[in-house]
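The structure appears below as structure tokens.
The values are calculated or read from the model by the stated rules, or taken from the named source; none is laboratory data. Treat the numbers as computed from the prediction; the structure is a model and nothing was measured. Virtual Cβ from ideal backbone geometry, glycine too; neighbours counted across all protein chains shown. The protein model used for the area step is the full one, side chains on, heavy atoms only, and it has no ligands, DNA or RNA in it. Shrake-Rupley method; radii C 1.70, N 1.55, O 1.52, S 1.80 Å.
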Amino acid sequence: MSVCADDIYKTIFYKYSEHLRNFIYYKSGELSLSEDLVQDAFSKLWENCAKVTEDKAKSYLFTIANNLFLNQVKHKKVVLKFNAIPRSGRDNQSPEFLLEEEGFRIQLEAAISTLPEDQRIVFLMNRLDKKKYREIA
């Protein structure tokens, strides 16, 4: 007999949900994660209730919950690897900021180009070469 009948499904839930939660909790150390995975496992049981017989429900639930847990572990590894990748500060900027920054750069270059040659040389030596005005003189 399949577990699609409400009374059978409820019986299976009350019989295995706590054991299943503890099983995942011992593996993960996170109570909320274990409760979420138990809920997901029972959802999958309900979706596939016509395929699962009552005597196979326990092994089905534990297999599904374990697989869901392993998927969570894999996902966390991917997230950790992604977060470990060094990024330059420029990559994390919004497109609007980058566009505005480009506009300011163009304005700065235009303003510098309007300076007389002597002033432009002194300005660029001070700002780009980090020379003090005394060294430039």
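Take each uninterrupted DSSP H stretch in the chain, measure its Cα extent along the helix axis, and return the ones at 30 Å or beyond whose mean Kyte-Doolittle hydropathy is at least -0.5.
Numbers: long enough: 6-28 (31 Å, -0.84); 57-84 (40 Å, 0.11).
Flagged H segments are 57-84.
Given a 1.4 Å probe, how much area per residue of the chain is accessible, in Å²?
Numbers: 10570 Å² over 137 residues.
About 77 Å² of surface per residue is accessible.
What is the projected area of the convex hull of the Cα atoms of the chain, averaged over all directions, in nm²? Spell out each step's value before the answer.
Values: hull surface 59.0 nm².
For the chain, the mean projected area of the Cα convex hull comes to 14.8 nm².
What is the packing order of peptides 9-17, 70-78, taking the mean over residues of other C-beta atoms within 10 Å and listing the highest first? Let's see the in-between values first.
Details: 9-17: 15.6, 70-78: 11.2.
Top to bottom by mean Cβ count within 10 Å: 9-17, 70-78.
Please give the solvent-accessible surface of residue 104 in Å², to the nearest 10, using a probe radius of 1.4 Å with every protein chain present.
Looks like 120 Å² after rounding.
Can you spot the lysines whose alpha carbon is less than 17 Å from residue 27's alpha carbon? Ignore those fewer than 8 places along the same chain.
74, 76, 77
Highest GNM mean-square fluctuation, the chain, Cα pairs closer than 10 Å: which of 100, 30, 47?
It is 100.
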